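**Q** Have a look at the structure that comes next, please.
The values are calculated or read from the model by the stated rules, or taken from the named source; none is laboratory data. Please read all numbers here as calculations on a predicted model, not as lab measurements. Cβ atoms come from the backbone with ideal geometry, glycine included; neighbour counts cover every protein chain shown.
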Amino acid sequence: MEASKMKKIFIVTGEASGDRLASKVINNLNKLNPNIEYLSVGGENLKKLGIKSIYDLKEITYLGFTNVVMNIFKIKKKINDTVKAIEDFQPDILFTVDSPDFTLRVAERVKKNNPNIKTIHYVAPQVWIWREGRVKKIKKFIDHILLLFNFEKAYFDKEDMSNEFVGHPLLDDKDDKAIDVNQVIGKNKALISVFPGSRKSEIEVLTPILLKAIKLLNESNKDITYVFHSTKEYSSSIQTYISKSELINCEIISDDKIKSHILRKSIFAIAKSGTVSLEISNFKIPSIILYKMNFINFLIVKMLVKTKFANIINIAAKKEIIPELLQGDCNPKNISKKTINFLDNPDRMEEQIKEAQLILKSLKNTNSSAHQAGLSLNKFL
(Lines give C-alpha, C1' and ligand atoms only; values in the text may rest on other atoms or scores of the structure.)
Protein backbone atom coordinates (compact mmCIF):
# COMPACT_ATOMS: atom_id res chain seq x y z
CA MET A 1 0.00 0.00 0.00
CA GLU A 2 2.68 2.49 1.06
CA ALA A 3 4.84 1.63 -1.96
CA SER A 4 2.09 2.80 -4.31
CA LYS A 5 2.24 6.25 -2.66
CA MET A 6 5.91 6.71 -3.48
CA LYS A 7 6.36 9.95 -5.43
CA LYS A 8 8.08 9.99 -8.80
CA ILE A 9 10.41 12.50 -10.45
CA PHE A 10 11.72 12.29 -14.00
CA ILE A 11 14.91 14.33 -14.51
CA VAL A 12 15.88 15.61 -17.97
CA THR A 13 19.36 17.05 -18.55
CA GLY A 14 21.04 17.77 -21.87
CA GLU A 15 24.76 17.80 -21.11
CA ALA A 16 27.38 16.98 -18.47
CA SER A 17 27.14 20.32 -16.63
CA GLY A 18 23.35 19.90 -16.26
CA ASP A 19 23.83 16.36 -14.98
CA ARG A 20 26.22 17.71 -12.37
CA LEU A 21 23.82 20.46 -11.26
CA ALA A 22 20.87 18.04 -11.12
CA SER A 23 22.83 15.56 -8.98
CA LYS A 24 23.58 18.23 -6.36
CA VAL A 25 19.89 19.10 -6.07
CA ILE A 26 18.71 15.47 -5.96
CA ASN A 27 21.36 14.60 -3.37
CA ASN A 28 19.86 17.29 -1.13
CA LEU A 29 16.28 16.30 -1.94
CA ASN A 30 17.02 12.71 -0.91
CA LYS A 31 17.95 13.97 2.55
CA LEU A 32 14.60 15.77 2.81
CA ASN A 33 12.54 13.00 1.25
CA PRO A 34 14.07 9.55 0.66
CA ASN A 35 10.80 8.04 -0.63
CA ILE A 36 11.09 9.16 -4.24
CA GLU A 37 11.45 7.02 -7.35
CA TYR A 38 13.56 8.50 -10.15
CA LEU A 39 14.22 8.01 -13.84
CA SER A 40 16.29 10.32 -16.03
CA VAL A 41 18.07 11.46 -19.11
CA GLY A 42 21.31 11.92 -17.21
CA GLY A 43 25.02 11.20 -16.98
CA GLU A 44 27.70 9.98 -14.59
CA ASN A 45 26.69 12.11 -11.59
CA LEU A 46 23.05 11.01 -11.51
CA LYS A 47 24.19 7.44 -12.10
CA LYS A 48 26.30 7.68 -8.92
CA LEU A 49 23.07 8.42 -7.03
CA GLY A 50 21.59 5.20 -8.42
CA ILE A 51 19.38 6.97 -10.98
CA LYS A 52 19.02 5.16 -14.28
CA SER A 53 19.21 7.07 -17.57
CA ILE A 54 17.02 5.96 -20.47
CA TYR A 55 19.93 6.53 -22.90
CA ASP A 56 23.49 7.85 -23.00
CA LEU A 57 23.69 11.63 -22.51
CA LYS A 58 26.36 11.85 -25.21
CA GLU A 59 23.69 11.10 -27.82
CA ILE A 60 22.16 14.59 -27.43
CA THR A 61 25.11 16.91 -26.69
CA TYR A 62 25.33 18.83 -29.96
CA LEU A 63 27.20 22.13 -29.98
CA GLY A 64 26.13 25.05 -32.13
CA PHE A 65 23.35 25.79 -34.59
CA THR A 66 24.86 23.99 -37.58
CA ASN A 67 25.46 20.77 -35.64
CA VAL A 68 21.87 20.93 -34.37
CA VAL A 69 20.57 21.42 -37.92
CA MET A 70 22.69 18.51 -39.19
CA ASN A 71 21.38 16.29 -36.40
CA ILE A 72 17.80 17.59 -36.37
CA PHE A 73 16.17 14.22 -37.12
CA LYS A 74 18.22 12.47 -34.42
CA ILE A 75 17.25 15.19 -31.93
CA LYS A 76 13.56 14.93 -32.87
CA LYS A 77 13.71 11.18 -32.32
CA LYS A 78 15.36 11.68 -28.91
CA ILE A 79 12.66 14.19 -27.94
CA ASN A 80 9.97 11.69 -28.99
CA ASP A 81 11.70 8.84 -27.10
CA THR A 82 12.08 11.01 -23.99
CA VAL A 83 8.45 12.21 -24.02
CA LYS A 84 7.23 8.60 -24.37
CA ALA A 85 9.47 7.43 -21.48
CA ILE A 86 8.16 10.26 -19.26
CA GLU A 87 4.53 9.50 -20.10
CA ASP A 88 5.09 5.79 -19.43
CA PHE A 89 6.75 6.63 -16.08
CA GLN A 90 3.95 9.06 -15.09
CA PRO A 91 5.98 11.22 -12.69
CA ASP A 92 4.57 13.70 -10.20
CA ILE A 93 7.28 16.15 -11.29
CA LEU A 94 9.19 16.60 -14.53
CA PHE A 95 12.45 18.25 -13.46
CA THR A 96 14.26 19.75 -16.46
CA VAL A 97 17.76 21.16 -16.07
CA ASP A 98 19.48 23.69 -18.36
CA SER A 99 19.93 22.86 -22.12
CA PRO A 100 16.67 24.66 -22.99
CA ASP A 101 16.69 23.79 -26.69
CA PHE A 102 16.28 20.14 -25.69
CA THR A 103 14.78 20.05 -22.20
CA LEU A 104 12.12 22.72 -22.72
CA ARG A 105 10.94 21.11 -25.95
CA VAL A 106 10.45 17.90 -23.99
CA ALA A 107 8.63 19.76 -21.18
CA GLU A 108 6.32 21.54 -23.64
CA ARG A 109 5.25 18.27 -25.24
CA VAL A 110 4.77 16.52 -21.90
CA LYS A 111 2.72 19.36 -20.39
CA LYS A 112 0.46 19.54 -23.44
CA ASN A 113 -0.41 15.84 -23.17
CA ASN A 114 -0.26 15.57 -19.35
CA PRO A 115 -1.32 18.85 -17.68
CA ASN A 116 -1.31 17.18 -14.23
CA ILE A 117 2.45 16.58 -14.28
CA LYS A 118 4.19 19.48 -12.48
CA THR A 119 6.98 20.96 -14.59
CA ILE A 120 9.92 22.59 -12.81
CA HIS A 121 12.88 23.96 -14.74
CA TYR A 122 16.30 24.63 -13.20
CA VAL A 123 18.70 27.15 -14.81
CA ALA A 124 16.67 29.73 -16.68
CA PRO A 125 17.33 30.26 -20.39
CA GLN A 126 19.60 33.28 -20.69
CA VAL A 127 16.85 35.69 -21.70
CA TRP A 128 19.07 38.56 -20.56
CA ILE A 129 21.46 37.63 -23.39
CA TRP A 130 18.97 36.92 -26.17
CA ARG A 131 15.34 36.08 -27.04
CA GLU A 132 13.73 37.76 -24.01
CA GLY A 133 10.31 37.07 -25.55
CA ARG A 134 10.74 33.35 -24.71
CA VAL A 135 9.45 33.96 -21.18
CA LYS A 136 5.85 34.37 -22.43
CA LYS A 137 6.02 30.99 -24.17
CA ILE A 138 7.83 29.18 -21.32
CA LYS A 139 5.20 30.35 -18.84
CA LYS A 140 2.58 28.29 -20.71
CA PHE A 141 4.19 24.93 -19.93
CA ILE A 142 6.60 25.45 -16.99
CA ASP A 143 4.92 25.68 -13.57
CA HIS A 144 7.94 26.98 -11.68
CA ILE A 145 11.45 28.08 -12.63
CA LEU A 146 14.51 27.99 -10.34
CA LEU A 147 16.94 30.85 -10.98
CA LEU A 148 20.71 30.81 -10.52
CA PHE A 149 21.11 34.58 -10.46
CA ASN A 150 19.11 37.20 -8.59
CA PHE A 151 19.12 39.67 -11.48
CA GLU A 152 17.12 37.15 -13.57
CA LYS A 153 14.01 37.60 -11.39
CA ALA A 154 13.01 40.86 -13.09
CA TYR A 155 12.57 39.12 -16.46
CA PHE A 156 10.20 36.47 -15.04
CA ASP A 157 8.38 38.77 -12.58
CA LYS A 158 7.61 41.03 -15.53
CA GLU A 159 5.55 38.19 -17.11
CA ASP A 160 4.13 37.13 -13.72
CA MET A 161 5.77 33.70 -14.03
CA SER A 162 6.29 31.60 -10.90
CA ASN A 163 10.02 31.76 -10.10
CA GLU A 164 12.49 31.46 -7.24
CA PHE A 165 16.10 32.58 -6.86
CA VAL A 166 18.03 29.63 -5.41
CA GLY A 167 21.60 30.64 -6.28
CA HIS A 168 24.25 28.66 -8.12
CA PRO A 169 25.39 25.28 -6.67
CA LEU A 170 28.94 25.91 -7.83
CA LEU A 171 29.05 28.85 -5.42
CA ASP A 172 28.03 26.79 -2.39
CA ASP A 173 30.74 26.65 0.25
CA LYS A 174 32.58 23.33 0.27
CA ASP A 175 34.18 21.64 3.25
CA ASP A 176 35.87 18.67 1.55
CA LYS A 177 38.84 17.22 3.41
CA ALA A 178 42.18 18.27 2.03
CA ILE A 179 44.13 15.77 -0.06
CA ASP A 180 47.72 15.77 -1.25
CA VAL A 181 47.42 16.59 -4.94
CA ASN A 182 51.03 15.51 -5.52
CA GLN A 183 49.90 11.96 -4.80
CA VAL A 184 47.38 12.29 -7.62
CA ILE A 185 49.48 14.18 -10.16
CA GLY A 186 52.79 12.66 -9.11
CA LYS A 187 54.79 15.84 -9.74
CA ASN A 188 55.72 18.46 -7.18
CA LYS A 189 55.21 21.38 -9.54
CA ALA A 190 52.99 24.45 -9.85
CA LEU A 191 49.62 23.59 -11.39
CA ILE A 192 47.51 25.33 -14.02
CA SER A 193 44.00 23.95 -14.48
CA VAL A 194 42.77 23.65 -18.06
CA PHE A 195 39.09 23.26 -18.97
CA PRO A 196 38.57 22.30 -22.65
CA GLY A 197 34.78 21.84 -22.35
CA SER A 198 32.38 19.00 -21.66
CA ARG A 199 31.04 18.42 -25.18
CA LYS A 200 32.78 16.42 -27.88
CA SER A 201 32.62 19.30 -30.37
CA GLU A 202 34.11 21.79 -27.86
CA ILE A 203 36.94 19.40 -27.00
CA GLU A 204 37.74 18.79 -30.68
CA VAL A 205 37.98 22.53 -31.34
CA LEU A 206 39.73 23.72 -28.16
CA THR A 207 42.12 20.91 -27.13
CA PRO A 208 44.53 21.28 -30.11
CA ILE A 209 44.61 25.07 -29.58
CA LEU A 210 45.28 24.64 -25.85
CA LEU A 211 48.10 22.15 -26.42
CA LYS A 212 49.80 24.49 -28.90
CA ALA A 213 49.48 27.28 -26.31
CA ILE A 214 51.10 25.03 -23.66
CA LYS A 215 54.04 24.38 -26.04
CA LEU A 216 54.55 28.15 -26.26
CA LEU A 217 54.21 28.53 -22.48
CA ASN A 218 56.84 25.82 -21.96
CA GLU A 219 59.36 28.03 -23.77
CA SER A 220 59.27 30.45 -20.83
CA ASN A 221 58.50 28.05 -17.94
CA LYS A 222 58.77 24.26 -17.96
CA ASP A 223 58.14 23.92 -14.21
CA ILE A 224 54.34 23.94 -14.54
CA THR A 225 52.02 20.96 -14.85
CA TYR A 226 48.88 21.58 -16.90
CA VAL A 227 45.94 19.55 -15.62
CA PHE A 228 43.07 19.00 -18.06
CA HIS A 229 39.72 18.72 -16.27
CA SER A 230 37.59 16.24 -18.18
CA THR A 231 34.42 14.18 -17.92
CA LYS A 232 34.98 10.42 -17.78
CA GLU A 233 33.43 10.06 -21.25
CA TYR A 234 36.06 12.21 -22.97
CA SER A 235 39.23 11.66 -20.94
CA SER A 236 40.55 9.09 -23.45
CA SER A 237 39.95 11.51 -26.36
CA ILE A 238 41.91 14.24 -24.57
CA GLN A 239 44.67 11.73 -23.74
CA THR A 240 44.98 10.93 -27.45
CA TYR A 241 45.49 14.63 -28.24
CA ILE A 242 48.09 14.94 -25.46
CA SER A 243 49.98 11.82 -26.60
CA LYS A 244 50.15 13.13 -30.17
CA SER A 245 51.44 16.49 -28.91
CA GLU A 246 54.33 14.72 -27.09
CA LEU A 247 53.98 17.17 -24.18
CA ILE A 248 55.18 15.60 -20.94
CA ASN A 249 53.81 18.19 -18.51
CA CYS A 250 50.08 17.56 -19.13
CA GLU A 251 47.77 15.40 -17.01
CA ILE A 252 44.06 14.55 -17.09
CA ILE A 253 41.67 14.37 -14.14
CA SER A 254 38.07 13.15 -14.47
CA ASP A 255 37.13 12.44 -10.84
CA ASP A 256 34.94 15.35 -9.65
CA LYS A 257 36.15 15.24 -6.04
CA ILE A 258 39.80 15.32 -7.07
CA LYS A 259 39.13 17.99 -9.72
CA SER A 260 37.99 20.49 -7.08
CA HIS A 261 41.17 19.89 -5.05
CA ILE A 262 43.36 20.30 -8.13
CA LEU A 263 41.60 23.57 -8.93
CA ARG A 264 42.10 24.88 -5.38
CA LYS A 265 45.84 24.17 -5.64
CA SER A 266 46.20 25.77 -9.07
CA ILE A 267 48.01 29.06 -9.55
CA PHE A 268 45.92 29.88 -12.64
CA ALA A 269 43.15 28.51 -14.87
CA ILE A 270 42.50 28.53 -18.61
CA ALA A 271 38.86 27.68 -19.21
CA LYS A 272 36.21 27.32 -21.86
CA SER A 273 33.51 29.93 -21.26
CA GLY A 274 30.72 28.48 -19.12
CA THR A 275 29.58 27.78 -15.57
CA VAL A 276 33.02 26.49 -14.59
CA SER A 277 34.26 30.10 -14.55
CA LEU A 278 32.08 30.66 -11.47
CA GLU A 279 33.70 27.75 -9.67
CA ILE A 280 37.17 28.98 -10.63
CA SER A 281 36.46 32.46 -9.28
CA ASN A 282 34.78 31.02 -6.18
CA PHE A 283 38.03 29.21 -5.37
CA LYS A 284 39.89 32.52 -5.82
CA ILE A 285 41.89 31.32 -8.81
CA PRO A 286 42.81 33.93 -11.45
CA SER A 287 41.87 32.92 -14.99
CA ILE A 288 41.20 33.67 -18.61
CA ILE A 289 38.29 32.25 -20.58
CA LEU A 290 38.03 31.21 -24.20
CA TYR A 291 35.56 30.02 -26.76
CA LYS A 292 35.57 29.19 -30.43
CA MET A 293 32.87 27.92 -32.78
CA ASN A 294 32.55 27.52 -36.52
CA PHE A 295 32.12 30.74 -38.51
CA ILE A 296 28.43 30.25 -39.40
CA ASN A 297 27.50 29.66 -35.74
CA PHE A 298 29.53 32.72 -34.77
CA LEU A 299 27.68 34.96 -37.25
CA ILE A 300 24.29 33.73 -35.98
CA VAL A 301 25.28 34.31 -32.34
CA LYS A 302 26.68 37.75 -33.16
CA MET A 303 23.33 38.76 -34.68
CA LEU A 304 21.24 37.45 -31.78
CA VAL A 305 23.26 38.11 -28.62
CA LYS A 306 22.66 41.44 -26.88
CA THR A 307 25.39 41.34 -24.21
CA LYS A 308 28.93 42.64 -24.65
CA PHE A 309 30.55 39.77 -22.74
CA ALA A 310 30.43 35.96 -22.69
CA ASN A 311 31.44 35.39 -19.06
CA ILE A 312 28.73 35.69 -16.38
CA ILE A 313 31.03 37.58 -14.00
CA ASN A 314 31.84 40.14 -16.70
CA ILE A 315 28.15 40.37 -17.64
CA ALA A 316 27.14 41.00 -14.01
CA ALA A 317 29.99 43.52 -13.55
CA LYS A 318 29.25 45.21 -16.89
CA LYS A 319 33.00 45.27 -17.53
CA GLU A 320 35.79 42.81 -18.29
CA ILE A 321 37.20 41.40 -15.06
CA ILE A 322 38.18 38.05 -16.56
CA PRO A 323 39.84 38.36 -20.00
CA GLU A 324 37.85 36.75 -22.82
CA LEU A 325 39.57 35.25 -25.85
CA LEU A 326 36.74 34.52 -28.25
CA GLN A 327 36.62 33.26 -31.82
CA GLY A 328 39.58 34.72 -33.79
CA ASP A 329 41.27 35.85 -30.56
CA CYS A 330 41.16 32.27 -29.28
CA ASN A 331 44.53 31.15 -30.61
CA PRO A 332 47.71 29.64 -29.07
CA LYS A 333 49.71 32.89 -29.22
CA ASN A 334 47.05 34.97 -27.43
CA ILE A 335 46.39 32.30 -24.78
CA SER A 336 50.12 32.01 -24.07
CA LYS A 337 50.63 35.79 -24.01
CA LYS A 338 47.67 36.46 -21.65
CA THR A 339 48.69 33.64 -19.30
CA ILE A 340 52.32 34.83 -19.07
CA ASN A 341 51.09 38.38 -18.49
CA PHE A 342 49.18 37.20 -15.41
CA LEU A 343 51.89 34.86 -14.11
CA ASP A 344 54.46 37.66 -14.35
CA ASN A 345 52.15 40.11 -12.54
CA PRO A 346 50.97 38.79 -9.13
CA ASP A 347 49.28 42.15 -8.41
CA ARG A 348 47.13 41.75 -11.51
CA MET A 349 46.11 38.25 -10.39
CA GLU A 350 45.19 39.56 -6.94
CA GLU A 351 43.18 42.42 -8.42
CA GLN A 352 41.13 40.02 -10.57
CA ILE A 353 40.41 37.81 -7.54
CA LYS A 354 39.23 40.82 -5.46
CA GLU A 355 36.96 42.17 -8.20
CA ALA A 356 35.49 38.73 -8.96
CA GLN A 357 34.78 38.14 -5.26
CA LEU A 358 32.70 41.32 -5.07
CA ILE A 359 30.59 40.17 -8.03
CA LEU A 360 30.23 36.63 -6.64
CA LYS A 361 28.94 38.05 -3.36
CA SER A 362 26.06 39.68 -5.23
CA LEU A 363 25.27 36.41 -7.06
CA LYS A 364 25.14 34.13 -4.01
CA ASN A 365 22.06 33.04 -2.08
CA THR A 366 22.21 33.05 1.73
CA ASN A 367 21.37 29.32 1.78
CA SER A 368 22.98 26.44 -0.09
CA SER A 369 21.63 26.56 -3.64
CA ALA A 370 21.22 22.80 -3.99
CA HIS A 371 19.41 22.65 -0.63
CA GLN A 372 17.12 25.54 -1.62
CA ALA A 373 16.30 23.90 -4.96
CA GLY A 374 15.68 20.59 -3.19
CA LEU A 375 13.24 22.31 -0.81
CA SER A 376 11.41 23.81 -3.76
CA LEU A 377 11.06 20.44 -5.51
CA ASN A 378 9.85 18.79 -2.31
CA LYS A 379 7.20 21.49 -1.94
CA PHE A 380 5.66 20.47 -5.27
CA LEU A 381 5.44 16.74 -4.42
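**Q** Give the residue that is surrounded by the fewest Cβ atoms within 10 Å (Cβ to Cβ), with candidates limited to residues of the range 96-111 that are in contact with a strand residue (DSSP E or B) (Cβ under 7 Å, 6 or more places away or on another chain) and without any contact (Cβ under 8 Å) to a residue 60 or more places away in the chain.
**A** Step by step, filter the range 96-111, then rank; the result is LYS111.
**Q** May I pose another question? Tell me, please, whether a residue that is small (Gly, Ala, Ser), within 24 Å of ILE267 (Cβ to Cβ) and free of Cβ contacts under 8 Å to residues at least 60 places away in the same chain can be found in the range 311-321.
**A** yes
**Q** Among the residues in the range 232-241, are any closer than 22 Å to LYS333 by Cβ, at pLDDT 95 or above, in contact with a Lys or Arg (Cβ under 8 Å, 6 or more places away or on another chain) and among the hydroxyl-bearing types (Ser, Thr, Tyr)?
**A** No, the conditions are met nowhere in the range 232-241.
**Q** Out of everything in the range 161-197 that is more than 14 Å from the chain's Cα centre (by Cα), of a type outside the set (Gly, Ala, Ser) and at pLDDT 85 or above, what residue ends up being surrounded by the most Cβ atoms within 10 Å (Cβ to Cβ)?
**A** VAL194
**Q** I would also like to ask the following. Which one is surrounded by the most Cβ atoms within 10 Å (Cβ to Cβ), of the residues in the range 198-224 that are at pLDDT below 95 and hydroxyl-bearing (Ser, Thr, Tyr)?
**A** Going through the qualifying residues, I end up with SER198.
**Q** What number of residues within the range 316-336 are among the aliphatic types (A, V, I, L, M) and in a helix (DSSP H, G or I)?
**A** The qualifying residues number 3.
Here is a yes/no grid of residues against (1) modelled with pLDDT of 95 or more; (2) more than 17 Å from ILE192 (Cα to Cα); (3) of a type in the set (Asp, Glu):
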position	(1), (2), (3)
VAL276	no, no, no
SER287	yes, no, no
ASN297	no, yes, no
ALA310	no, yes, no
ASN314	no, yes, no
GLU320	yes, yes, yes
LEU325	yes, yes, no
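**Q** Quick check on this structure: which one of ILE142, ILE86, ILE75 is among the β-branched types (Val, Ile, Thr), touching a Ser or Thr at 6+ places or on another chain (Cβ under 8 Å) and either closer than 20 Å to GLY18 by Cα or part of a strand (DSSP E or B) (or both)?
**A** Exactly one of ILE142, ILE86, ILE75 is among the β-branched types (Val, Ile, Thr), touching a Ser or Thr at 6+ places or on another chain (Cβ under 8 Å) and either closer than 20 Å to GLY18 by Cα or part of a strand (DSSP E or B) (or both), namely ILE142.
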